[in-house]
Amino acid sequence: MQRTQPVYLDNAATTPVDPRVLEAMLPYLKGDFGNPASGAHVYGQTAARAVEQAREQVAALLNADKTEIAWTSGATESNNLAIKGAAFAHGKRKKHLVTVATEHKAVLDTMHWLETQGFAVTVIEPESNGLILLSKFAAALRNDTVLASVMLVNNEIGVIQDIAALGHICRQRGVLLHVDAAQATGKLPIDVASLPVDLMSLTAHKTYGPKGIGALYVRRNVAVECQMHGGGHERGLRSGTLPTHQIVGMGECFRLAQTALATEVPRIRAQRDRLWAALRDIDGVQLNGDFAARVAHNLNISVRRCDLPLSVVTDISISSASACIAGQASHVIAALGGELSATVMRVTLGRFNTDAEIDFAAQYLRGKITACRAQSNAMQRESRVIHPVT
Ligand SMILES: Cc1ncc(COP(=O)(O)O)c(C=O)c1O
């Protein structure tokens, strides 16, 4: 079957904007264009009302208070603000930070930069299933640890860390916990009223909202030094004119995520499990990351002895990483101790994938992987033939 458009299965990279989100945003790109900081007139007041409604919608998804939500440009900025902001706010007395080798680069590189500013960083290695041992985490904390940063859902392998248990350890030791939840919103329930978490990074574009807008949850009374100086917006935490249309989009996509969670997750899980069932018996195929402690939409597999570049996987859009190819190396797969020569494929489903698309993808991928394995087996047999020297 020839398709006009590849099936989109890269929803961990970004999601399409839900049409309902676009509809909610449009008025703020047209007549309601006022600056939310212009409180003196109706244009500004209308925009400010929309911004505050969106703040309530974002807070509601986390069960937070709206005063604990600050707008940013996305999870990269939120991670920078949380980690640098907390380190500098508390860094006179405490100079040590803890994170995990499988974190997003926006966390790891921020941590490495802080090392150049006089901080020490401990990077914990996860177990081979991608999860962190609580005892290892507890042992990494020191008396001068200011903050630990652990993501809720991994962007490559989809594993879910036990944030409640990690947060409990942090509380006992007087350490702040920052959580990158960019990949978690709309994928599992989040309740910061019961989770011992101090800072949480959020973004809209992984949850059917627009790119370029995010937020940082800052628990009340947690000190964070601002990283963007200027007009003192967001109560001094992050200056810059608020992009009303983007903010409205984030509020709406988080509102929709909350209402969809109960039905969307089981439907996507059933599709993902059907896809995995179609691939799991192929010789050389192996799942990366724990299967049970994993979000419903993620499948990440390694295929041993198979060189399958993305350029030949044209009818479905997925992410691929081979740990051995320069520039494409996955630090996550490497941290799990995965086979470096294997082809790695990340397939991530989303709200708009149909059953027919998943069945097509299953058949298509099975065909590609089987052909690739057959070719590499034939090449191996050929290399074993001893040619007589003439
Ligand atoms: C876990 C995680 N953190 C942070 C980011 C960066 O988010 P943003 O694109 O909103 O800056 C991403 C997106 O790739 C992510 O998956």
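The values are calculated or read from the model by the stated rules, or taken from the named source; none is laboratory data. Because the structure is predicted, anything quoted here is derived from the model rather than measured. Positions of Cβ are generated from backbone atoms using ideal geometry, with glycine treated the same way; all protein chains shown enter the neighbour counts. Quick note on the areas: whole protein, heavy atoms, side chains included, nothing else; ligands and nucleic acids left out. Shrake-Rupley method; radii C 1.70, N 1.55, O 1.52, S 1.80 Å.
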Choice from Cys372, Cys170, Cys226 showing the highest fluctuation, given a GNM over the chain with Cα pairs closer than 10 Å: Cys372
Within the stretch 7-26, backbone nitrogen closer than 11 Å to the virtual label 7 Å beyond the Cα of Ala270 toward Cβ: none
Positive-end residue of Val100, Leu133, Met111, charge dipole of the stretch 72-134 with Cβ unit charges: Met111
Within the accessible area of the chain, what % is carbon and sulfur when the probe is 1.4 Å and the other protein chains stay in place? 55 percent
For the stretch 213-276: relative contact order, % (alpha-carbon pairs under 8 angstrom, 6 or more apart): 21 percent
Principal-axis tilt of helix 42-62 within the chain, Cα atoms, nearest 10 degrees: 50 degrees
Within the stretch 7-94, DSSP-loop trypsin sites (Lys or Arg not before Pro) with at most 13 other C-beta atoms within 10 Å are Lys30, Lys92, Arg93
Within the stretch 70-151, how many Lys pairs that are eight or more residues apart, or on different chains, come under 15 Å at the alpha-carbon? 4
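For the stretch 1-68, what is the accessible area per residue in Å² when the probe is 1.4 Å? Intermediate values should be presented prior to the final figure.
Values: 3770 Å² over 68 residues.
Value for the stretch 1-68: 55 Å² per residue.
Counting only heavy atoms of protein chains, what accessible area per residue, in Å², does the stretch 128-276 have with a probe of 1.4 Å? Let's see the in-between values first.
Working: 5430 Å² over 149 residues.
Accessible area per residue: 36 Å².
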How about the stretch 1-62: which GluC sites (Glu not before Pro) there lie in a loop by DSSP and see at most 10 other Cβ atoms within 10 Å? none
Taking the chain as a Gaussian network, where each spring joins two C-alpha atoms under 10 Å apart, which residue of Gly249, Gly214, Gly118 fluctuates the most? Gly118
What residue among Lys105, Lys95, Lys206 has the largest mean-square fluctuation in a Gaussian network model of the chain, using Cα springs under 10 Å? Lys105
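Over the chain, what is the relative contact order in percent, taking alpha-carbon pairs closer than 8 angstrom and at least six residues apart? List each step's numbers first, then the result.
Details: 755 pairs, mean separation 85.6, N = 390.
Computed value for the chain: 22 percent relative contact order.
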Could you state the angle between the C-alpha long axis of helix 244-279 and the longest principal axis of the C-alpha atoms of the chain, as a value from 0 to 90 degrees rounded to the nearest 10? 20 degrees
When only DSSP loop residues count, what trypsin sites (Lys or Arg not before Pro) in the stretch 248-354 have their Cβ near at most 15 other Cβ atoms within 10 Å? Arg280, Arg304
Of the beta bridges DSSP finds with both residues in the stretch 19-257, what % are antiparallel, to the nearest 5? 40 percent
